[in-house]
Amino acid sequence: MADYDYDLFVIGGGSGGVRAARVAAGDTGARVALAEEDRYGGTCVIRGCVPKKLMVFASEFSQMPELARGYGWDMGAGAFDWAAFRGRLNEELDRLEGIYRSLLKNSGVDTFDARARLKDAHTVELSTGETKTAKTILIATGGHPVRPDIPNADLGIVSDDIFHLEKLPKSILIVGGGYIACEFACIFNGLGVVVTQYYRGAQVLRGFDDEARGLIAEAMREQGISLHLGTNIVEMAPASADHSATTATATDAAMGATAAQSLELTATARDGNGPIWVKPTSGAPREFDAVLFATGRDPNSRDMGLEDLGIEIGRRGEIKVDEYSKTAADSVYAIGDVTNRVNLTPVAIREGMAFVETVFKDNPTAVDHELIPSAIFTQPEMGTVGLSEEDAREQEEIEVYCTSFRPMKSAFAGQPDRVLMKLVVSKASRKVLGCHIVAPDAGEMIQLAGIAVKMGATKEDFDRTVAVHPTMSEEIVTMKTPMRTA
Ligand code: NDP
């Protein structure tokens, strides 16, 4: 038998790679190494979920004085200090990165701060010039944001850049209608930036339940986000005297000011580049302090030596794997966003755990990608599990139970916010096929509802459960009559 340096070499120190490396080393005593070219923790910890959620928290405070006034508090709007927040954010990210590094060290994993590529199916070449061999290689290199193919697209920022901005822009154009676009439209709006969003399709959050995404779009507009559907960006350039454009600050502020817009904000986002001139597919050219492209992410599979090993790569760069995350090369596996299956942190972690079970614990474990609950951290949030009404209707006869109402907390303060609770139920089996919640903290609610749906709960199981009163989520067990059948 060949004598390898390691039993496992993991490429990529994000959520999936770190989990697989430390469990393989810690639980099975395997000799494990991991290479990471950037910061440990990957997209989720360093430039995704974690800093994004902290920005959500920061942005929500701008709504609170108005709400508090509705409850009798004498409270005025304060100023948001981006530099102070960013400083604390960076300290927190440093702390988390330290935890990831020590988890690996304490599990006995050797780490290399280097870029790695495959020389052959058992050999990894590092950017330091070293070469290491391993019985099994796991690729967990994640993905990266992509800009659309238009002139001067590099004038725009992508999600990775947000956390490094020296100053908040006064105005921003967000291009895209997916998770990142909608979440950051709400975040920037809450921080007092004048937000315009262009989405090329008919409604944002394509693929999610129509009623739920419709309510999110309505709430975003209500909060002052200038959302333009069926609109894209054709061209952009540094703003100059040659470009006559309407500034976003003037137009959009007039369309609906948020409480936060009174906060003091300074200067432009693209430090040194100044305002950006943008030509949309319809309407007059405009100027924005910053343009954020939230137009999707592609897998990090380029220049890794994979094609030479016969490993199949898909159109977007995704590594093709089987249900056990194995590539066409028997000793090479891949997990997480680089495989472009379900691009969520907890899914990458599960794929990593299933890989360890399969390869190191002699327990072949396929990853279960069915009924994954998830949340979109817009304001309000959307929590969702299972089929949308539209997808379920294609599949079988259904009943739809749905209610939309003004929640007690904001209604008391005279605010217009609405929430939505919706169940999509199979007429034949009575199983809840989909649950969709639009509400503050819907992410917290859907985690729990997700257990019931994953267990195959029926509508009658939901009905048998006593309501927790007074809450928003009690409606999920008190909807008696279907709103419609299809
Ligand atoms: P998405 O794939 O969700 O959305 C991309 C958006 O950009 C879509 O609206 C798409 O339009 C649009 N788009 C794509 N290409 C172009 C183009 N050339 N011009 C104009 N618009 C374009 O990607 P995101 O970047 O928002 O997020 C990436 C992934 O990260 C998500 O799929 C998700 O898995 C993960 N994520 C999860 C989060 C969570 O769980 N809360 C938060 C953030 C990210 P169209 O709909 O027409 O294709």
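Take the Cα radius of gyration of region 62-190 and divide it by 2.2 N^0.38 Å, N being the number of residues; the result is 1.57.
Amide H contacts under 5 Å for residue 6: 133, 134, 135, restricted to partners 5 or more places along the chain or on a different chain, H placed in the peptide plane at 1.01 Å from N. The dipole here belongs to region 10-57: it is taken about the Cα centre, uses +1 on the Cβ of Lys and Arg and -1 on the Cβ of Asp and Glu, and is about 180 debye.
Considering only 423, 440, 382, and ranking their Cα positions along the charge dipole of region 369-466 that arises from unit charges at the beta-carbon of Lys, Arg, Asp and Glu, the one farthest toward the positive end is 440. Annotation: extensible slack from residue 74 through residue 441 equals 129.5 nm (criterion: 0.36 nm per residue apart, minus Cα-Cα distance). The antiparallel fraction among DSSP beta bridges confined to the chain stands at about 60%. Under 5 Å between amide hydrogens, built in the peptide plane, is the criterion, and for residue 227 it picks out 197 among residues at least 5 positions away or on other chains. Which FRET efficiency value, to the nearest 0.05, is calculated for residue 37 and residue 393 with the Förster distance at 56 angstrom and r the Cβ-Cβ distance? The computed FRET efficiency comes out at 0.75.
When the listed pairs 326/361; 427/480; 167/279; 52/105; 52/279 are checked against a 19 Å cut-off, the alpha-carbon distance exceeds it for 167/279; 52/105; 52/279.
Using R0 = 56 Å, the C-beta based FRET efficiency linking residue 481 and residue 64 works out to 0.95. Overall shape: oblate for region 431-476, with the ratio a/c of the largest to smallest alpha carbon gyration tensor axis at 1.5 or above and b/c at least equal to a/b.
Charge dipole (Cα centre; +1 on Lys/Arg Cβ, -1 on Asp/Glu Cβ; no other charges) of the chain amounts to roughly 620 debye. When only the Cβ of Lys, Arg, Asp and Glu is charged (+1, +1, -1, -1), the dipole of region 429-478 relative to its Cα centre reaches about 280 debye. Among the helices of the chain, none built from whole DSSP H runs has Cα atoms reaching 27 Å or more along its own axis together with a mean Kyte-Doolittle hydropathy of at least 0.0. Shape analysis of the chain places it in the oblate category; the axes a ≥ b ≥ c from the Cα gyration tensor give an a/c of at least 1.5, with a/b not above b/c. Close amide H contacts of residue 417 (hydrogens built in the peptide plane, cut-off under 5 Å, sequence separation of 5 or more or a different chain): none are found. Rounded to the nearest 500, the helix-only mean residue ellipticity at 222 nm of the chain stands at -9000 deg cm²/dmol, with each DSSP H run of n ≥ 4 adding -39,500 (n - 2.57).
Residue separation of residue 403 and residue 94 scaled by 0.36 nm, minus their Cα-Cα distance, works out to 106.9 nm of gained length.
We did not get these values from a lab; they are worked out from the coordinates using the rules stated. Here the structure is a predicted model, which means the values were calculated and not measured. Counting neighbours? That spans all protein chains shown, and the Cβs are built from the backbone with ideal geometry, glycine included.
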